[in-house]
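Working notes, structure below.
The values are calculated or read from the model by the stated rules, or taken from the named source; none is laboratory data. All of these numbers come straight from a predicted model, not from anything done at the bench. Counting neighbours? That spans all protein chains shown, and the Cβs are built from the backbone with ideal geometry, glycine included. Side chains included, ligands, DNA and RNA excluded: accessible areas come from the protein's heavy atoms. Shrake-Rupley method; radii C 1.70, N 1.55, O 1.52, S 1.80 Å.
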Amino acid sequence: MRITVLAGGVGAARFLRGLVAAAPDAQVTVIGNTGDDITLHGLRVCPDLDTVMYTLGGGINSGQGWGRADESFTIRDELAAYGAGPAWFTLGDRDYATHILRTELLAAGRPLSEVTRVLCERWRPGVRLLPMTDDTVETHVTLKASAGHSGEGVAPVVHFQEWWVRLHAAVPAEAITPIGAGTATPGPGVLDAIAEADFVLFPPSNPVVSIGPILAIPGIREAAEAKTVVGVSGIIGGAPVRGMADACLAAIGVETSAAAVAAHYGPRLLSGWLVDDQDKAAADDPACAGIAIRAMPLYMRDVDSTASIARAAIELAQELA
Ligand code: GDP
Ligand code: CA
């Protein structure tokens, strides 16, 4: 069985851990969002790729969901002693090693897809991890002009990480734009991985800033539309389980509900949609016409409960394929 998954960070990585447990013999290809990537202290940081790689490779800080386990913060403290910011984005010493090596390989002219493969040789995540593109895409957030942030040293357009991590998405966004996505080329193997898959899964990743940038790369949405796609709702009972996806959905005018997110993807793209039991009314929502809805408990409490979710997604995809 070949399964291709479009993935953001923490929500995707947790789902993938359950998927690998539910289908140990499947060949899983993960197409990772790189719109969250940022350059800090000259180092290229790819938070979503690393979250997937560390989680499946056993190196994640599992309580936090991102970053390395057993971290120390000497480099951050030393930089702070120089007054070198930003203070709002923390990287640990072990994590720095990943970014140093990635930056070194990129500077030597190797594309991100190859660099990711090299990093995965250490972590052996058990899936093939492909960046969505080798081109640079960065998600930027246009802040609402009336949000009262002027004079606080905040530019009207900020990198997604600054909005998310520094501003906690508390300043409303006018627009969220994956800069560079429209002219980017899908990374090597990306379109083939979709075309050759038995089906495509969307984990409960953020529809706007995780799945959105991947679909914004010309060719990827069309490739997925040609397949059976089953998604898992990251919205339960009208709220994101963790994080601030509601602020992202508000920026694109989509209500924070499982049904509204399914309607946002639409029946051309989405064949099936798993919602939590709390949201089972989505099955009768006219906005979801043409999408097969199934309800079940969707909290990813541990690997077992997540494997049940993954199993249900596989079964629905096989039924619809
Ligand atoms: P990020 O890049 O680290 O923000 O991670 P993702 O985009 O992959 O996933 C974040 C999304 O996962 C959030 O918007 C949540 O709605 C969703 N999420 C987190 N935990 C759970 C859970 O236990 N169950 C479900 N269904 N969704 C979850
Ligand atoms: Ca992310």
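What the table below lists for this structure:
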| read-out | value |
| --- | --- |
| Nearest-20 debye value, the stretch 129-264 charge dipole, Cβ charges on Lys, Arg, Asp, Glu | 360 |
| Considering only the chain, percent of DSSP beta bridges that pair antiparallel, nearest 5 | 40 |
| Angstrom value of the Kirkwood radius, inverse mean 1/r, which spans all Cα pairs in the stretch 140-255 | 15.7 |
| The chain: angle of helix 112-123 to the longest principal axis, Cα-based, in degrees nearest 10 | 90 |
| Intensity falloff of the stretch 36-131 expressed as log10 I(q)/I(0), Debye formula with alpha-carbon point scatterers, at q = 0.20, 0.21, 0.22 Å⁻¹ | -1.02, -1.11, -1.19 |
| Lys/Arg +1, Asp/Glu -1 at C-beta; the chain dipole; positive extreme among Pro86, Leu298, Pro286 | Leu298 |
| Surface share of carbon and sulfur [accessible, 1.4 angstrom probe, percent] for the chain | 51 |
| Residue-normalised accessible area of the chain, expressed per residue, 1.4 Å probe, Å² | 42 |
| With 5 Å bins from 0: P(r) over the stretch 162-321, alpha-carbon pairs, percent | 2, 9, 17, 21, 20, 16, 11, 3, 0 |
| Estimated dipole of the chain in Debye, rounded to 20 [Cβ of Lys and Arg +1, of Asp and Glu -1, Cα centre] | 260 |
| In the stretch 210-297, GluC sites (Glu not before Pro) in a DSSP loop with at most 16 other beta-carbon atoms within 10 Å | Glu255 |
| Dmax and Rg, reported as Rg then Dmax, of the chain (C-alpha, Å) | 19.0, 59 |
| Debye intensity ratio I(q)/I(0), log10, the stretch 1-71, q values 0.23 Å⁻¹ (C-alpha model) | -1.01 |
